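The values are calculated or read from the model by the stated rules, or taken from the named source; none is laboratory data. Keep in mind it's a predicted model, so treat the numbers as computed, not measured. Virtual Cβ from ideal backbone geometry, glycine too; neighbours counted across all protein chains shown. These area figures cover heavy atoms from the full protein model, side chains too; ligands, DNA and RNA do not enter into them. Shrake-Rupley method; radii C 1.70, N 1.55, O 1.52, S 1.80 Å.
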There are 6 protein chains.
Amino acid sequence: MRPSGRAPDAMRAVTIERNVAMKAEGSCLIAFGNTKVLCTASVETSLPGWLRGKGQGWVTAEYGMLPRATGTRTRREATAGKQSGRTQEIQRLIGRSLRAVVDLTALGESQITLDCDVLEADGGTRTASITGAYIALADAVRWLEERKLTKGPVLKESVAAISCGIYRGAPVLDLDYLEDVEAETDANFVMTGSGKFVEIQGTAEGAPFDREELNALMNLAGKGIGELTELQKAALAA
Amino acid sequence: MRPSGRAPDAMRAVTIERNVAMKAEGSCLIAFGNTKVLCTASVETSLPGWLRGKGQGWVTAEYGMLPRATGTRTRREATAGKQSGRTQEIQRLIGRSLRAVVDLTALGESQITLDCDVLEADGGTRTASITGAYIALADAVRWLEERKLTKGPVLKESVAAISCGIYRGAPVLDLDYLEDVEAETDANFVMTGSGKFVEIQGTAEGAPFDREELNALMNLAGKGIGELTELQKAALAA
Amino acid sequence: MRPSGRAPDAMRAVTIERNVAMKAEGSCLIAFGNTKVLCTASVETSLPGWLRGKGQGWVTAEYGMLPRATGTRTRREATAGKQSGRTQEIQRLIGRSLRAVVDLTALGESQITLDCDVLEADGGTRTASITGAYIALADAVRWLEERKLTKGPVLKESVAAISCGIYRGAPVLDLDYLEDVEAETDANFVMTGSGKFVEIQGTAEGAPFDREELNALMNLAGKGIGELTELQKAALAA
Amino acid sequence: MRPSGRAPDAMRAVTIERNVAMKAEGSCLIAFGNTKVLCTASVETSLPGWLRGKGQGWVTAEYGMLPRATGTRTRREATAGKQSGRTQEIQRLIGRSLRAVVDLTALGESQITLDCDVLEADGGTRTASITGAYIALADAVRWLEERKLTKGPVLKESVAAISCGIYRGAPVLDLDYLEDVEAETDANFVMTGSGKFVEIQGTAEGAPFDREELNALMNLAGKGIGELTELQKAALAA
Amino acid sequence: MRPSGRAPDAMRAVTIERNVAMKAEGSCLIAFGNTKVLCTASVETSLPGWLRGKGQGWVTAEYGMLPRATGTRTRREATAGKQSGRTQEIQRLIGRSLRAVVDLTALGESQITLDCDVLEADGGTRTASITGAYIALADAVRWLEERKLTKGPVLKESVAAISCGIYRGAPVLDLDYLEDVEAETDANFVMTGSGKFVEIQGTAEGAPFDREELNALMNLAGKGIGELTELQKAALAA
Amino acid sequence: MRPSGRAPDAMRAVTIERNVAMKAEGSCLIAFGNTKVLCTASVETSLPGWLRGKGQGWVTAEYGMLPRATGTRTRREATAGKQSGRTQEIQRLIGRSLRAVVDLTALGESQITLDCDVLEADGGTRTASITGAYIALADAVRWLEERKLTKGPVLKESVAAISCGIYRGAPVLDLDYLEDVEAETDANFVMTGSGKFVEIQGTAEGAPFDREELNALMNLAGKGIGELTELQKAALAA
């Protein structure tokens, strides 16, 4: 039995609210249950020096968490003087995931920075960030297209992410914080709208896992990504 | 004529939404027009070493701005490796302003940290932060009172803050970003609910100002603080 | 009764010794009683990149304190690896105060950096820094004028600063360290030679203050700035 | 055809030289072809404060690369003032991988730090680090056992790591640098001696990959880990 | 011919003014010609943790230079965020030099920190710092002795320092900045009042030097240290 | 009697293995007994901005120590966030020592960086670094000469370094760690192949030393450098 009472293959309620940041070229507030992430896309049409003259653009991401997104206050990274290893790992993952569906040459000489800031954390902040950042990215690409600043279709397809895990012996979809703390195995899947893998990260937190368990997690992930893909389509069509 | 069409003594629409952060002991989302700040209060009932055994508590504040709160993306301070001088100046001001209305001995051996994170910036982020942080603080104090962790009335009275300035030769209340950039004089007033001064900071951005102009600004500030005090009362009574 | 026996409206003895730093384009050692600050002006006639080509110059300031300027040794900021919030607040204030009396276009494409280093601290280091930095600045401007590197009168008028406060219930001028620690209200005034305000910062350290008290402090400040202006004139005429 | 002429399922020559660091409680120099990593294990029998009194020990890892391990000189992280995101990601992975086979309670109140320093880099430095660190760890555990400082069998089983990838359309085992740069998909597998997964990380560098491709990579990884496990056994038996 | 017209074995005018820092337990302003260093000694009678309970004290030093001590402004180390290698090298030398004449057990459980801050730099700042720091140290020791906080004679003898060099082919004593820049060989000697060596550092800036040249420099240094020792005695007797 | 049983004027066994780093333009592994240092030379034929257009090149050095080169683990400087004062002192010394035998104009517009990384530390790491770095430098210079990138003979002669000290009252050559800890005086000599001094650094760790003792150390150093010079010649001829 999951703490939330969800079925093993049930995701939390996912909502996506677009255009929440007045000044950004793209933005959304995405919620996976009680996890809430504000994603903004910032376009720079003049590239930094090291990127110039290569006939292509760049997509990058930064991740942060408000100090009281968590149960007890977390120290502000700006005060600590550096981003933690965990933060860097996550923002590198977000950037890679988005670039996997972007045609950087078609993007032209623009850079898009996705900022994913966690307002409330209840497990799955990195998967919510990727899923929401895709929405902000898509709006920023539209912004560029309206200004005729692209050189062809920039987005090859959509991308979303979901976590799965082995919780009390059973494979479950979309871990919340209570499950995450206790799960024996924790895996994150970044997949395209057409169901291919962009990134897969599985970690045995307790006992090592076998191929059968991994297959079960992949099945769950496929289902979850399918649902997220529909939600992304609906949000972008609104 | 002000860019927003407001009368010289008219504030922007101010809204306060309480208890927006599920895990914090106190929180609110405060908006001064398009400026939006998320304020959370975090209570620690075990004090840091240097504060222990003095028979009193402490109230402190931190301030941050999401990278795309601004018109063009601002570099994340966690990436830069330090808080800017401006950020430190503002968070020191917020902390001082709140402590002015707190009886630290009555607070007992608890520390309350107020985090003010700007989601959207359109001028007046520091005054919105102080005004909203008071609400989060008041809720955190109630949380402590309900647990009988205080030693008497903690809050001596309310505190709020407002900016005024000389814009195109005329004294105006509650500058937005467009006015702030152009104002000859910019002043911030932190005042108690009973109308006394906690902090006053006036700066000539253009020509130096005289006592008459300062008096005009103080009159406007008194009016604005009166209105904010009523809004705070209403929010806390809700 | 003030610890020093001074009358409420009496400043400490102020002395200004010009040209104390052999290599600087302008310099002075200023003392407000036991507070001693070494102020130097450094001229760079080749501007940093971001300032170039704008047809104007820049004036900026840095502030520091020798470790044993204080009663117990203060940690060296170079060892700590960063400037404190207080230091940054002060040096930003010094820079703003000086720029208020400088015509940056007349300055031409030069940058002047004012370094204010406190050799002994006994209260009022920021006001002594501003008052002394003006002297160093004036000498640096003369240095530029002698080399015909300016494009017209650079200094619009003089600027000086003084602190006032409510000490044991009475408004007093030019707080020393003993008074500063105990004052209920502490205010710093930066004013021009013609008696206008450049910056005003008032803080309630104890009970909030009212408008009448603020008026009393402004009266004292006006008197003090008048005296400092005369001393500056005399120093620059010597 | 692979640049090295290897068959798709052929690893590079792997050698393990034990006890190369005179002063460490465990150490080895491991080579995967031209990739060479010096792994040392350092035992502290007095734990850092936050670990004390919990009746268990800890295993952690740090990773570094000599500046000229690479084709062009890489900036020294000690000079840059911080470890890169990549370095932190790798050292977190090494630590997690080793802890997966350690009984921290049986370890007793000791901490073992594994330092993996790359002397030459030719692809696969993280997998060589994990595989070699296990050897250094095993020797450090013996060192503790000889001194009767453990509370039972510390190592649950062995652990090793290998990379696989899709190179020019074909799944291949143990990518070297030339293959790594060009691979469409790059995956790292950390597995136990009994063939279970501790960690799996797969990334689409080019086109997203499907489940069939992932299965092919898992098959290769299983073969490679089998061979590494035999080499580890032989090294520890020597 | 030396730029200053001095004879090869002539030092610059050296002056020592004691008790210049009102709050320090010992202090002096020392000048070697145009080089001016403010030296303060700060006593802490409660030791930092790592020194406690060893039945002895500690003497340490820090070195700094005001930004405009030099011909063109030098960046403030507090702004740069760290002390340069040169600064660290010098402050380590000052600390070692003073500890060579201190009986740390007789000092008791006190720590004395010597701060040497260069107000004007014209060559020889490290030798002036050591020579002046000895004076501040001696006064701080007296301060401890008056309070009966020592356990016997703390100072074994005096210590001073001087530079020598090969300038245009000739050995000269006490290099000023113009000579320092051009010297083929530059050597610093730290010696006790009884004429023994505490530290010797010689560097070939141009051509390597031979033993004969080194002997000539040692002869000059002996003469210089003799004179400095007399000046130190006179200053402490005043 | 020395702990190692060596005669007072006997060095440890010194071995030099060239070309150990596959990718560097020059490299060697040098051992002074149990002290082992990996030295690599990296050539950049495009100079950093501040060096360009001066018609000359540059030679610089960096020094590091693997965490477990020492008896107990030393904190990694990349984790600490900065290089220690000791590290900076040593790398500055290595750079100066090598530049003393290099004709920077003949080098042309190339920069050579010597990285000296200590794999095992048993005293004398800085002298081994200098002696080994010369070998790596010589190979890097040959690499440039083969590509006709030099403008004449770059190396004026060879350079090597050795430590001496007063150990239990007697002058001894080439201190190992046990001697280094206990020595009353510790001196490092950097000398050319022709027997002249490039750098001499002597420090009294216990009692100050006199000129006679210094002469004895210089005699030992001369003998040691002679032997090292022969070993360097043999290594480069191999």
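For region D:31-81, name all the residues that are buried (at least 19 other Cβ atoms within 10 Å of the Cβ) and part of a loop (DSSP other than H, G, I, E, B). Break it down into steps so the answer makes sense when it comes.
So the first thing to find is which residues in region D:31-81 are buried (at least 19 other Cβ atoms within 10 Å of the Cβ), and the list is D:31-33, D:35-43, D:57-59, D:61-69, D:73, D:76-78.
Once the filter is applied, which keeps residues that are buried (at least 19 other Cβ atoms within 10 Å of the Cβ) and part of a loop (DSSP other than H, G, I, E, B), region D:31-81 yields D:G33, D:G57, D:L66, D:R73, D:R76.
Restricting to region A:202-238, count the residues that are within 15 Å of A:V159 (Cβ to Cβ) and touching a residue at least 24 places away in the same chain (Cβ under 8 Å).
So the first thing to find is which residues in region A:202-238 are within 15 Å of A:V159 (Cβ to Cβ), and the list is A:221-222, A:224-233, A:235-236.
Next, from what is left, pick out any that are touching a residue at least 24 places away in the same chain (Cβ under 8 Å): A:221-222, A:224-229, A:231-233, A:235-236.
Count: 13.
Looking at this structure, is A:G132 under 15 Å from the mean Cα position of the chain (by Cα) and open to solvent by 10 Å² or more (accessible area, probe 1.4 Å)? Reasoning before the result, please.
Working: under 15 Å from the mean Cα position of the chain (by Cα): yes; open to solvent by 10 Å² or more (accessible area, probe 1.4 Å): no.
Criteria not met by A:G132.
Give the residues of region F:104-116 that are surrounded by 21 or more Cβ atoms within 10 Å (Cβ to Cβ) and in a helix (DSSP H, G or I), sorted by residue number.
F:L107
May I ask you to verify whether A:R126 is within 25 Å of A:T60 (Cα to Cα) and among the basic types (K, R)?
Details: within 25 Å of A:T60 (Cα to Cα): yes; among the basic types (K, R): yes.
For A:R126, the condition - within 25 Å of A:T60 (Cα to Cα) and among the basic types (K, R) - is met.
Going by the conditions given, is C:V101 under 19 Å from the mean Cα position of the chain (by Cα), open to solvent by less than 30 Å² (accessible area, probe 1.4 Å) and not small (G, A, S)? Please lay out each step first, then the result.
Details: under 19 Å from the mean Cα position of the chain (by Cα): yes; open to solvent by less than 30 Å² (accessible area, probe 1.4 Å): yes; not small (G, A, S): yes.
In short, yes.
Only one of these is more than 19 Å from A:E213 (Cβ to Cβ) and at pLDDT below 95: D:E213, D:E205. Name it.
Numbers: D:E213 fails: at pLDDT below 95.
Result: D:E205 is the single residue among D:E213, D:E205 that is more than 19 Å from A:E213 (Cβ to Cβ) and at pLDDT below 95.
Can we say B:Q91 is open to solvent by 10 Å² or more (accessible area, probe 1.4 Å), under 22 Å from A:E62 (Cβ atoms) and outside any helix (DSSP H, G or I)?
Details: open to solvent by 10 Å² or more (accessible area, probe 1.4 Å): yes; under 22 Å from A:E62 (Cβ atoms): yes; outside any helix (DSSP H, G or I): no.
Judged against the criteria, B:Q91 is not a match.
May I ask you to say which residue of A:V43, A:V59, A:V14 is over 30 Å from D:A80 (Cα atoms) and away from chain D (no Cβ under 14 Å)? Walk me through how you get there before you give the answer.
Details: A:V43 fails: over 30 Å from D:A80 (Cα atoms); A:V59 fails: over 30 Å from D:A80 (Cα atoms).
On inspection, the qualifying residue turns out to be A:V14.
On the basis of being in a loop (DSSP other than H, G, I, E, B) and either polar (S, T, N, Q) or surrounded by fewer than 20 Cβ atoms within 10 Å (Cβ to Cβ) (or both), does F:A10 make the cut?
Values: in a loop (DSSP other than H, G, I, E, B): yes; either polar (S, T, N, Q) or surrounded by fewer than 20 Cβ atoms within 10 Å (Cβ to Cβ) (or both): yes.
Judged against the criteria, F:A10 is a match.
Quick check on A:V190: is it modelled with pLDDT of 95 or more, farther than 23 Å from A:N19 by Cα and in contact with a Phe, Trp or Tyr (Cβ under 8 Å, 6 or more places away or on another chain)?
Working: modelled with pLDDT of 95 or more: yes; farther than 23 Å from A:N19 by Cα: yes; in contact with a Phe, Trp or Tyr (Cβ under 8 Å, 6 or more places away or on another chain): yes.
It is true that A:V190 is modelled with pLDDT of 95 or more, farther than 23 Å from A:N19 by Cα and in contact with a Phe, Trp or Tyr (Cβ under 8 Å, 6 or more places away or on another chain).
Collect the residues in region A:196-224 that are within 7 Å of chain D (Cβ to nearest Cβ), charged (D, E, K, R) and over 22 Å from the mean Cα position of the chain (by Cα), keeping them in residue-number order. So that I can check it myself, show each step before the final result.
Step one: of region A:196-224, the residues within 7 Å of chain D (Cβ to nearest Cβ) are A:196-204, A:208-211, A:214, A:218.
Filter once more, keeping what is charged (D, E, K, R): A:196, A:199, A:210-211.
Of everything in region A:196-224, those that are within 7 Å of chain D (Cβ to nearest Cβ), charged (D, E, K, R) and over 22 Å from the mean Cα position of the chain (by Cα) turn out to be A:D210, A:R211.
Any residue at all in region D:211-220 that's part of a loop (DSSP other than H, G, I, E, B), open to solvent by less than 40 Å² (accessible area, probe 1.4 Å) and over 13 Å from D:I162 (Cα atoms)? Break it down into steps so the answer makes sense when it comes.
Residues of region D:211-220 that are part of a loop (DSSP other than H, G, I, E, B), as a first pass: none.
No, region D:211-220 contains no residue that is part of a loop (DSSP other than H, G, I, E, B), open to solvent by less than 40 Å² (accessible area, probe 1.4 Å) and over 13 Å from D:I162 (Cα atoms).
Determine whether B:L228 is at pLDDT 95 or above, over 23 Å from C:L93 (Cα atoms) and buried (at least 19 other Cβ atoms within 10 Å of the Cβ). Talk me through it step by step, then tell me what you get.
Values: at pLDDT 95 or above: yes; over 23 Å from C:L93 (Cα atoms): yes; buried (at least 19 other Cβ atoms within 10 Å of the Cβ): yes.
Yes: the conditions hold for B:L228.
State whether the residues of region B:189-201 include one that is out of contact with any strand residue (DSSP E or B) (no Cβ under 8 Å at 6 or more places or on another chain), under 24 Å from B:E230 (Cα atoms), assigned to a loop (DSSP other than H, G, I, E, B) and among the small types (G, A, S).
Going through region B:189-201, the residues out of contact with any strand residue (DSSP E or B) (no Cβ under 8 Å at 6 or more places or on another chain) turn out to be B:194-195.
Right, trim to under 24 Å from B:E230 (Cα atoms) and you get B:194-195.
The next check asks that each one be assigned to a loop (DSSP other than H, G, I, E, B); those that pass are B:194-195.
With the extra rule that they be among the small types (G, A, S), the set shrinks to B:194-195.
For region B:189-201, residues out of contact with any strand residue (DSSP E or B) (no Cβ under 8 Å at 6 or more places or on another chain), under 24 Å from B:E230 (Cα atoms), assigned to a loop (DSSP other than H, G, I, E, B) and among the small types (G, A, S): present.
Can we say E:L119 is open to solvent by 10 Å² or more (accessible area, probe 1.4 Å) and at pLDDT 95 or above?
Criteria met by E:L119.
Scan region A:162-178 residue by residue and report those that are open to solvent by less than 10 Å² (accessible area, probe 1.4 Å), outside any strand (DSSP E or B) and at negative phi.
A:L175 - this is the single residue of region A:162-178 that is open to solvent by less than 10 Å² (accessible area, probe 1.4 Å), outside any strand (DSSP E or B) and at negative phi.
Every residue in region D:95-113 that is among the β-branched types (V, I, T) and within 12 Å of another protein chain (Cβ to nearest Cβ), please.
First, the residues of region D:95-113 that are among the β-branched types (V, I, T): D:101-102, D:105, D:112-113.
D:V101, D:I112, D:T113 - these are the residues of region D:95-113 that are among the β-branched types (V, I, T) and within 12 Å of another protein chain (Cβ to nearest Cβ).
Counting only residues that are of a type in the set (G, A, S) and closer than 9 Å to F:C39 by Cβ, how many does region F:129-143 have? Walk me through it before giving the result.
So the first thing to find is which residues in region F:129-143 are of a type in the set (G, A, S), and the list is F:129, F:132-133, F:136, F:138, F:140.
Those still in the list that are closer than 9 Å to F:C39 by Cβ too: F:129, F:132-133, F:136.
The number of residues fulfilling the criteria is 4.
Select, from D:V198, D:V159, D:V181, the only residue that is open to solvent by 30 Å² or more (accessible area, probe 1.4 Å) and either touching a Cys at 6+ places or on another chain (Cβ under 6 Å) or under 27 Å from A:R92 (Cβ atoms) (or both). Spell out the reasoning first.
Working: D:V198 fails: open to solvent by 30 Å² or more (accessible area, probe 1.4 Å); D:V159 fails: open to solvent by 30 Å² or more (accessible area, probe 1.4 Å).
Only one candidate qualifies: D:V181.
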